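Input: a single structure, listed below in structure tokens.
Nothing in this text is a laboratory measurement; each read-out follows from the coordinates by a stated rule. Bear in mind the structure is a predicted one, so any value in this text is a computation, not a measurement. Every residue, glycine as well, gets a Cβ built from its backbone with ideal geometry; the counts of neighbours run over all protein chains shown.
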Amino acid sequence: MTKKSFDFIGKRKIFLIISAAIILAGLIVNIFLPTELDINFKGGAIFTYALSGEVDKDGLTAMAKEHLGDSVEVSFSKDVAGDNTQATFTLTKIPSTVLTYSVTGTADVAALKAKAEEIFGCETKVDANTEAKTVAVDPVEIITDAMADEFTAAIKGSSTTTPSYTLVSSNTISELADALYADMVSTYGTKLTYTVALETVDTEALTTAIENALVANIAGLAETPAYADVTVSFDKTAKTLTVAPALGNQPMDEAYGKVITTAVQGQLKDAKVATEAYNTITLITSNSVKPTVGKGFFIKCLFAMILGGVFLTLYIGIRFRKIGGISAGLFATFALIHDILIAYLMYVFFRIPLDDNFIAVVLTILGYSINGTIVIYDRIRENEQKFGANLTVNEIVNRSVNETFNRNVFTSTSTLIAVVAIAVIAKLNGLDSIISFAFPMAVGIVSGFYSSVFLSSPMWAWWRTRKVGK
């Protein structure tokens, strides 16, 4: 035996009790604090915008409630680069998609209802307002933009004797996202701010120079809105110069910004333009998931995890058939279940919404944790061939765990340092999407090391000893 060794086998009950206590406490907490599910699992809608410059969080929250209702959840974080603020608006319930049409002639409610149910595949309410000459088509389920377009095309009047319908609004997810975006741009503006070392600025001459520059370059700005009218203002006290689109709801991207900056620098050659700050607003994503789709996705993810566990058990059973085969695989799977539960409880304890990052964490832990167990099993197989006639099962396993202990420590520590560094940087920069992966992953690495060294192999030794004794 090695000169210095720890009795992993003798302390296995203590390790098992520690793990059981942590998991039991976590599950009890989970009863009183149910897991928060992301919209990918429970269904809902999410809108994410990127904003540069200063962000009026209270104003944006009030604006979101005006467009999306009081139930909207608002959160702010930094993007991956840490340069822009991301504003995320989440709805746990997808707003109804009500198609409103202006009617020329008399609306055929029965025909509209039949056509809607044919295209949408669900019961649809149709209300006609004869005074306003409008008709509202309200499916009881969520429909896609493509379905709405197909229905609109299908009900257009084909002759002068049939009613003609013109779409006024649809209230779809993309329409809501665009309406909120337009209000954000109009209220907070999309502008460039410069610091200049001047007491006065001829804003009229500068406005003309900027507009001429934009007109000259408009053909090369294919990805940007085609406008050239700007408003230039100068704050004498702060010595700041602000350039914004003349129409408040016009967006401004980097390409426009470069043209404007060049024009400002060219016009104010002696002004020492020092600072350039964008205040841009960009829609990143607008997404919706039906509750039924979310539940189906969650069930598929669980099935994938179970299937992964089954295949890992079979793999270990075949590879280590000389030391117990399936029993070795079952105890390795037991350790994996332990690690998955620990990672899951991190989402519960720290109120992290359970999203698709959880699936990534679980699958990573499955591969990482099983590696530590396989290293120990491989050494058990070697030592059993060498010392099987002279040592008991407990002694062989204890020797094997001690011999591989340093390797498992170094492997886990090196990976843990990298993941913890990512988690800390993400926390400092408010990158919630990365934290929801890195933090549970860090805990999972520690749990994977613990289960491989202190649980799976000692528990397998206990089982093997009982089997040999019989």
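Give the shape of the stretch 99-170 as rounded, prolate or oblate, defined through the alpha-carbon gyration tensor: a ≥ b ≥ c are the square roots of its eigenvalues, a/c under 1.5 means rounded, and otherwise the shape is prolate if a/b is larger than b/c and oblate if not. In terms of gyration-tensor shape, prolate. P(r) tail, the stretch 41-91: Cα-Cα pairs separated by more than 16 Å, 40% of all pairs. Taking the convex hull of the alpha carbon positions in the stretch 307-465 and averaging its projected area over all directions gives 9.1 nm². Electrostatic bookkeeping for residue 236 treats Lys and Arg as +1 and Asp and Glu as -1; over the other residues with beta carbon under 15 Å from its beta carbon, the sum is -2. Working from Cα pairs under 8 Å separated by at least six residues, relative contact order for the stretch 41-91 is 50 percent. Place a label point 7 angstrom from the Cα of residue 35 along the Cα-to-Cβ direction, then list the residues of the stretch 444-469 whose backbone nitrogen is under 16 Å away. Answer for the stretch 444-469: 444.
Computed from the Cβ-Cβ distance with R0 of 25 Å, the FRET efficiency linking residue 235 to residue 66 stands at 0.25.
Helix 356-387 and the longest principal axis of the C-alpha atoms of the chain enclose an angle of approximately 20°.
Can you work out the FRET efficiency for the pair residue 247 and residue 415, with r the C-beta to C-beta distance and R0 = 60 Å, to the nearest 0.05? Here the calculated transfer efficiency is 0.70.
Sorted on the mean count of surrounding Cβ atoms within 10 Å across their residues, most packed first, peptides 21-34, 431-444 read 431-444, 21-34. Compute the acute angle (0 to 90°) between the alpha-carbon long axis of helix 173-188 and the principal axis of greatest extent of the alpha-carbon atoms of the chain; round to the nearest 10°. So the inclination is approximately 70 degrees.
Annotation for the stretch 105-178: GluC sites (Glu not before Pro) lying in DSSP loop with at most 14 further Cβ atoms inside 10 Å of their Cβ are 123, 131, 141. As a length-normalised measure over Cα pairs under 8 Å and 6 or more apart, the relative contact order of the chain settles at 20 percent. Here the label points at residue 154 and residue 467, each 7 Å from Cα along the C-beta direction, are separated by 6.1 nm in the simple model.
When the square roots of the Cα gyration tensor eigenvalues are ordered a ≥ b ≥ c, the ratio a/c for the chain is 1.5 or more and a/b does not exceed b/c, which makes its shape oblate. Between the beta carbons of residue 299 and residue 104, assuming R0 = 56 Å, the FRET efficiency works out to 0.70 to the nearest 0.05.
Pairwise Cα separations in the stretch 291-400 fall into 10 Å bins from 0 onward with the following percentages, short to long: 13, 37, 26, 15, 7, 1, 0. Highest-first packing order for the peptide set 85-92, 236-243 is 85-92, 236-243, based on the mean count of other beta carbon atoms within 10 Å.
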